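Step one of this worksheet: look at the structure below.
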Amino acid sequence: MRTPRRKSKYRHIFRRYAGTGTDKKVVKHAAEVEAPKSLVPFKLVLNEEHARESLRLDGASDPANCPGALCGLHNADRFPHATCGYFDWFDTRLFVATKCSGKTNEPVKCRAYRHNRPDISKLVDGTRGGLKKLVKYLHEHGPQEITVWPAIYTGSGGVAKPYAERSEHSRTGTPRPRGWNLRQSRRRSWGDAA
């Protein structure tokens with residue numbers, strides 16, 4: 001007799017660089033996405049210090065040290081839940097770890113959000129040159145507010161899959177890179193100039 005399959009829950013993969021120099025490798029941690037408790041939007045403030053600190057930590061295309069992650073760490077009190085230090089910023093999405101394993105400190109649960117600043121996200125994801133442009137932009141225009149609101153979910157229990165976004169590419173064409181793959185393709189195509 002076959003055992004019934006459990007319904008799979010939507011998971012987000014947090015990726016981090018481990019090691020330094022030529023010994024860098026990508027470490028993956030899967031976290032279950034929780035349903036939002038509140039649908040109220042809130043604001044995070046990205047300032048020049050976050051970008052400068054990221055530049056010092058070589059945070060270009062590094063989710064743990066990018067200006068968005070540092071902004072999330074410094075604005076952790078603005079989230080309507082506890083955070084444990086893992087943030088993944090994408091062009092329109094933000095994933096925040098809400099619970100980490102006690103033994104390994106890996107993310108176990110997270111919440112998904114949407115944000116309104118893909119222009120800043122593109123500078124964060126690129127190269128050291130992009131981070132320098134972001135530092136210059138923040139120096140000239142001052143701290144930037146990023147409005148964040150919970151991602152809308154559909155399915156049983158509210159935690160199944162996020163709404164699929166429409167694409168201008170056909171189904172038979174080459175799929176455009178998203179998330180981590182988009183971050184890495186930007187880094188490869190833009191190089192590490194400037």
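The values are calculated or read from the model by the stated rules, or taken from the named source; none is laboratory data. On a predicted model such as this, the values are computed, not experimentally measured, just so you know. Don't worry about glycine lacking a Cβ; one is built from the backbone with ideal geometry, like all the others, and counts go over all protein chains shown.
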Selection from the range 58-89 of residues under 15 Å from residue 44 (Cβ atoms), more than 10 Å from the chain's Cα centre (by Cα) and in contact (Cβ under 8 Å) with a residue 40 or more places away in the chain yields 67, 71, 80, 81
Mind checking which pairs have a first residue in the range 90-118 that is part of a strand (DSSP E or B) and a second that is among the polar types (S, T, N, Q), Cβ under 6 Å, 6 or more apart or different chains? 96/83; 108/101; 109/98; 110/98; 111/98; 114/92
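Table: residues versus (1) under 16 Å from residue 113 (Cα atoms); (2) at pLDDT 85 or above; (3) in contact with an Asp or Glu (Cβ under 6 Å, 6 or more places away or on another chain); (4) loosely packed, with under 14 Cβ neighbours inside 10 Å.
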residue	(1), (2), (3), (4)
30	no, yes, no, yes
42	yes, yes, no, no
53	no, yes, no, no
65	no, no, no, no
Taking only the range 30-73 into account, find how many residues are touching a strand residue (DSSP E or B) at 6+ places or on another chain (Cβ under 8 Å) and not in a loop (DSSP other than H, G, I, E, B). 16
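Has the range 97-114 got any residue that is under 17 Å from the mean Cα position of the chain (by Cα), within 22 Å of residue 49 (Cβ to Cβ) and either modelled with pLDDT of 90 or more or polar (S, T, N, Q) (or both)? Full working, then the answer.
Kept after step one, since they are under 17 Å from the mean Cα position of the chain (by Cα), are these residues of the range 97-114: 97-100, 106-114.
Pick out the ones that are also within 22 Å of residue 49 (Cβ to Cβ) and you get none.
Among the residues of the range 97-114, not one is under 17 Å from the mean Cα position of the chain (by Cα), within 22 Å of residue 49 (Cβ to Cβ) and either modelled with pLDDT of 90 or more or polar (S, T, N, Q) (or both), which makes the answer no.
Can you name the residue in the range 8-29 that is part of a loop (DSSP other than H, G, I, E, B) and in contact (Cβ under 8 Å) with a residue 24 or more places away in the chain and is also nearest to residue 60 (Cα to Cα) among such residues? Give the derivation first.
Within the range 8-29, the first condition is being part of a loop (DSSP other than H, G, I, E, B), and the residues that meet it are 8-10, 19-20, 24.
Restricting the remaining residues to those that are in contact (Cβ under 8 Å) with a residue 24 or more places away in the chain gives 9-10.
Numbers: 9: 31, 10: 28 Å.
Among residues in the range 8-29 that are part of a loop (DSSP other than H, G, I, E, B) and in contact (Cβ under 8 Å) with a residue 24 or more places away in the chain, the one nearest to residue 60 (Cα to Cα) is 10.
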Quick one: residue 84 ticks every box in (1) under 14 Å from residue 120 (Cβ atoms); (2) in contact with a Cys (Cβ under 9 Å, 6 or more places away or on another chain); (3) assigned to a loop (DSSP other than H, G, I, E, B) bar one, so which box is it? (1)
